[in-house]
Each structure stands twice: as structure tokens, then as C-alpha cells.
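Colleague: The structure's right below; bear with me while I get my questions together.
The values are calculated or read from the model by the stated rules, or taken from the named source; none is laboratory data. None of these values were measured; they are calculated from a predicted model. Here the Cβ positions follow ideal geometry from the backbone for every residue, glycine too, while neighbour counts run over all protein chains shown. Heads up: the accessible areas ignore ligands, DNA and RNA and are worked out on the full protein's heavy atoms, side chains in. Shrake-Rupley method; radii C 1.70, N 1.55, O 1.52, S 1.80 Å.
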Amino acid sequence: MVVHCDIEFDQNPTGTYYAGQLVSGKIVLKCDKVKEVKAILLKISGSAEALWSERSFTTRQMYYGREDYLSSSTYLMGSEQSAKATIATGVHTYTFACQLPYNCPSSFEGSHGHIRYTVKVLLVRPWKFDNVYNRAFTVLRVTDLNFESPQIRIPSTSEAYKTFCCGPCTTEPLKMELKVPQTGFVPGQNIPVQGMVINNTNMAVSEVKFQLVMLVRYTSSKPHRINVQRVNVSHIKSDSVLRHCTRSMKEELHVPATPPTCIQGSAVIQIVYQIEMHCKMKSLNKTQIVTMPVIIGNVPLANNTRRFNVIDEQPTSRNRDIRELPSEENEAKEGNAPPTLDLSTPNMPPPSYEESVHTQRSNINEGEEHAFGTNEFAPLYPVFNVSTPSLNQTPLPLGIDNKSFAP
């Protein structure tokens, strides 16, 4: 290869930033012989895209949506009007910096779309194909559970009843009850779930399963269409329940590295979570479900033992602005400290940053015919070492379904 290009971030080898921070780094070009170009162009961009198709009888309809959050272009050498320029043999270093918008959504890679931020270097050659070098980086919108609704600290319960029709007879109800100690969590936590099944029917419940489910809503604009995808984040199987029997069960659902809840930052891709309890009926081979919406953040609750007398005074915000962080954290945003913020609460170790195993690894060079460098990319999400309080209070009936999330 005549030119080798490295895209490096200052004091941030993983390329992980929070919305509102300054992204800075350097471009290192290594040439083993003279290279003629018109210009060297640097592009830093961020956007959400959704693309999928649906078949109807004999036709297939494509759906597409896009939204841009960041677009910056800088000529490192030459310009749009310049003639040929020469990259001499050797090593050439260029620095760059770009301020991220405060309201851009978190990075995400899904089966029908993505929210992606990239640094792209183009060796512009109008007389031939351009050489393209890409590197993606992770952007995380601050979702601070301490600035969400105070209700997320409260133990909550959700109930469902179901009767079954067998000819002229209707069975007694199957009652399902799901309880959690709070409804706000961060990756790394275990969610204590308590389920109760009162089976007054003549059919056994062959299996009870608890799941943490991510619902991803993709929205297209050409034409307008909504596609909601269910992703199983974690699950655990529990006991069966015989007919005319009652069983109570306690389990823990682990929250792995996963994108934070996002329903405001993007009009193309939104993400919500819910806990589900599945009761599989043996005779009918049908599954009954009770759900509990939860919020997954990337800043944990500061004190899980605080309750009504404290949280009623807290301001609430769906997504905490990085500008509201303490001054020492804002120093990192201004470039006086390493770009990765310490978003842990006092007396808690900082998080690690891990790749989500239930989302996609994507080819960031897809559609680029002459791209070089690493193709695959997966965002990194903070994972905390934090415990969750046990269910020791009377839960409130806050469980509902995310029905408004679906089309």
C-alpha cells in the first residue's frame, strides 16, 4: 500500500465519548512513496439510519429513514478549488478537534439500522477513485437515573389475569404477579424479580421464564413506517406450576452491557426496555405474559436506600445534560482531562466499557468501494459494579405494557 492511515484519539484509545464532549485526535499518514492527490479531506459525522424491506404478495417495499446529528468537513491539504498536490514520502501528522452536540443520541448498531459516529479521511483524486479511511467511535448520551422520575426508586408490581375457554366451560383465572424493587437500573446490576403464579385452571403451567427485553423502534420517512424489534437481553427459567396450585419464585436477571433507554434523542431509532414474566401453558401450548417497563441508564442511582422524603425534591429529566455535571467532570469535557467521564457516584468505582453481545457488529465501510482499515465496529457501553436493594417494601401497581411503542 502506498499510503497507510492511522486515526487516533487523544488519551482515549477506545474512542468512547459522551455527548457534549470535545473529540480530538490526530491523523497519521505514512507514505512509502510520493502520492499525488487533489486534497486530503477530513469528515466527522454522526447520523441515524434505518433500512428494511417488507413483502406484500408479489411486491417488496423498501423503507428508509435518516437523521443527521453531526457533520464537519476540514481540508487537511489542498481545497475544493486546488489542483494537484503531492504527499511526500514519510510520516505526516495532522490534528483535529470537533465538539459533539449536547443532545445527540447514543451509538447503536441494530439489525435494521444504526446510530453511528465516524471519522473519515479521504484522499481526493478526481481522475481516479478516492482512497477512504474510516474509524467509528462511541458516543453516549448521559442518561442519569438520579434525574429520572422519582417513581423509579419505588418497588413496583404488575398483574395479569387470564381465563381459558374449553367448549361451553370457562376455567377459573390464572393470576400472574411480577414484582421488582425499583424500575431504574444500569448495566452490571442484577435485577431481583419476584413472581407469583396462582393457577386455578385445569391446566399446568409447564414453565415460568423471566426476561429482560429491549424493544427497538425503527421509523422510516420514505414512506412512513414503524418496525418494532424485540431483542432478548437476558433471561432465566424458573419452576413449573401444577394445576390448582400457587407458587412464588425469586430470581435475578443480569443487566449486561447494553444501550441506554432512548426515546427522545432520535426520531429514527428509539429504545425502551421491559421485564417480562412468561407462563407457558402445557395443554394449550400458549404463553401468557405480564410486563414491567424499566429504564436502563448509564449513571446509577446515587443512594438506593433513599425514598420518598428525598426523591420528591429531585428535578427530573429524561436525559441529563452533560452541562449539568459537576465542575470537575466538565473539566474533562473541556479537554483538560481524559475525555472519558467518570460518571460513577461517590464511593463507587468507575465503570468498565464493554461491547454488547445482543446487538450487531457492523461493517462501517459498507458502500465504500475503496475503503481501507478496520471494517467491523461495535459501540462500547459502561458496566458498573453496583448492587440492587431487595424487595422489602410494599410495591405499587406501576406495571404497564409498552403498547404505545408499537405501531
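Colleague: Calculate, axis by axis, the spread of Cα positions in the range 173-219 along the three principal axes, and write the results as whole Å, longest axis first.
Modeller: 40, 31, 16
Colleague: For labels at GLN61 and HIS370 in the simple 7 Å Cα→Cβ model, what's the distance in nm?
Modeller: 3.9 nm
Colleague: Taking Cα centroids, how far is the range 352-386 from the range 175-232 in Å?
Modeller: When both Cα centres are located, 26 Å separates them.
Colleague: What list of ³J(HN,Hα) values in whole Hz, one per residue of the range 198-208 in order, does the Karplus curve 6.51 cos²θ - 1.76 cosθ + 1.60 (θ = phi - 60°) give from phi, with Gly and Pro shown as x?
Modeller: 9, 9, 9, 8, 8, 10, 7, 8, 6, 7, 10
Colleague: Per residue, what volume in Å³ does the Cα convex hull of the range 192-266 take up?
Modeller: Expressed per residue, the convex hull around the Cα atoms of the range 192-266 is 136 Å³.
Colleague: Could you give the nm distance between label points at ARG125 and GLN151, where each point is 7 Å from its Cα heading toward the beta carbon?
Modeller: Here the answer is 6.1 nm between the modelled labels.
Colleague: What does the charge add up to near HIS92, with Lys and Arg as +1, Asp and Glu as -1, over the other residues with Cβ less than 13 Å from its Cβ?
Modeller: Neighbourhood net charge equals +1.
Colleague: Using 5 Å bins from zero, what percent of all Cα-Cα pairs in the range 52-169 falls into each bin?
Modeller: Taking every Cα pair in the range 52-169, the percentages come to 2, 6, 10, 11, 10, 10, 11, 11, 8, 6, 4, 3, 3, 2, 2, 1, 1, 0.
Colleague: Still on this structure, please answer the following. Where Lys and Arg each count +1 and Asp and Glu each count -1, what net charge lies around VAL119 among other residues with Cβ under 12 Å from its Cβ?
Modeller: Charge balance near VAL119 sits at +3.
Colleague: Can you list residues whose amide H is under 5 Å from ALA204's amide H, if they're 5+ apart or on another chain and H is modeled 1.01 Å from N?
Modeller: Residues meeting the amide H criterion: ARG243, LYS282, SER283.
Colleague: Just to check I understand the Karplus step: with θ = phi - 60° and J = 6.51 cos²θ - 1.76 cosθ + 1.60, what whole-Hz values come out for the range 79-87, glycine and proline as x?
Modeller: Working through the residues one at a time gives 7, 5, 9, 6, 8, 5, 10, 10, 8 Hz.
Colleague: Rule-of-thumb check for the range 126-273: C-alpha Rg over 2.2 N^0.38 Å?
Modeller: Cα-based Rg divided by the globular estimate yields 1.48.
Colleague: Something else about it: Could you pull out every residue, at least 5 positions away or on a different chain, whose amide H is within less than 5 Å of the one on VAL193? Hs are placed 1.01 Å off N in the peptide plane, and Pro or chain starts have none.
Modeller: Here the answer is GLU251, GLU252, LEU253, since their amide H atoms fall under 5 Å of that of VAL193.
Colleague: For LYS30, list the lysines whose Cα falls under 17 Å from its own Cα; do not include residues on the same chain fewer than 8 positions away.
Modeller: LYS120
Colleague: Can you work out ³J(HN,Hα) from phi for every residue in the range 375-383, in order, using Karplus 6.51 cos²θ - 1.76 cosθ + 1.60 and θ = phi - 60°, giving whole Hz and x for Gly and Pro?
Modeller: Rounded to whole hertz, the list is 8, 7, 8, 9, x, 10, 10, x, 10.
Colleague: Excluding PHE185 itself, what net charge comes from residues whose Cβ is under 14 Å from its Cβ, given Lys and Arg +1 and Asp and Glu -1?
Modeller: Every neighbour counted, the sum reads -2.
Colleague: Collect residues whose amide H, placed 1.01 Å from N in the peptide plane, falls under 5 Å from the amide H of TYR17; neighbours closer than 5 in sequence don't count.
Modeller: HN-HN under 5 Å from TYR17: THR138, VAL139, LEU140.
Colleague: For the range 1-69, what does the equivalent ellipsoid look like in terms of its semi-axes, each the square root of 5 times an eigenvalue of the Cα gyration tensor, given largest first in whole Å?
Modeller: They are 37, 22, 11 Å, listed largest first.
Colleague: Hey, any idea what % of the range 148-301's accessible area is carbon plus sulfur with a 1.4 Å probe?
Modeller: Ligands and nucleic acids excluded, carbon and sulfur reach 47 percent.
Colleague: Quick check on the range 92-145: what are the equivalent-ellipsoid semi-axes from the Cα gyration tensor, as sqrt(5λ), descending, whole Å?
Modeller: In descending order the semi-axes read 29, 16, 8 Å.
Colleague: Which lysines does LYS162 reach when only Cα atoms under 20 Å apart count, and residues fewer than 8 places away in its own chain are ignored?
Modeller: Result set, ordered by chain and number: LYS175, LYS179, LYS209, LYS280, LYS282, LYS286, LYS403.
Colleague: Rule-of-thumb check for the range 32-101: C-alpha Rg over 2.2 N^0.38 Å?
Modeller: 1.80
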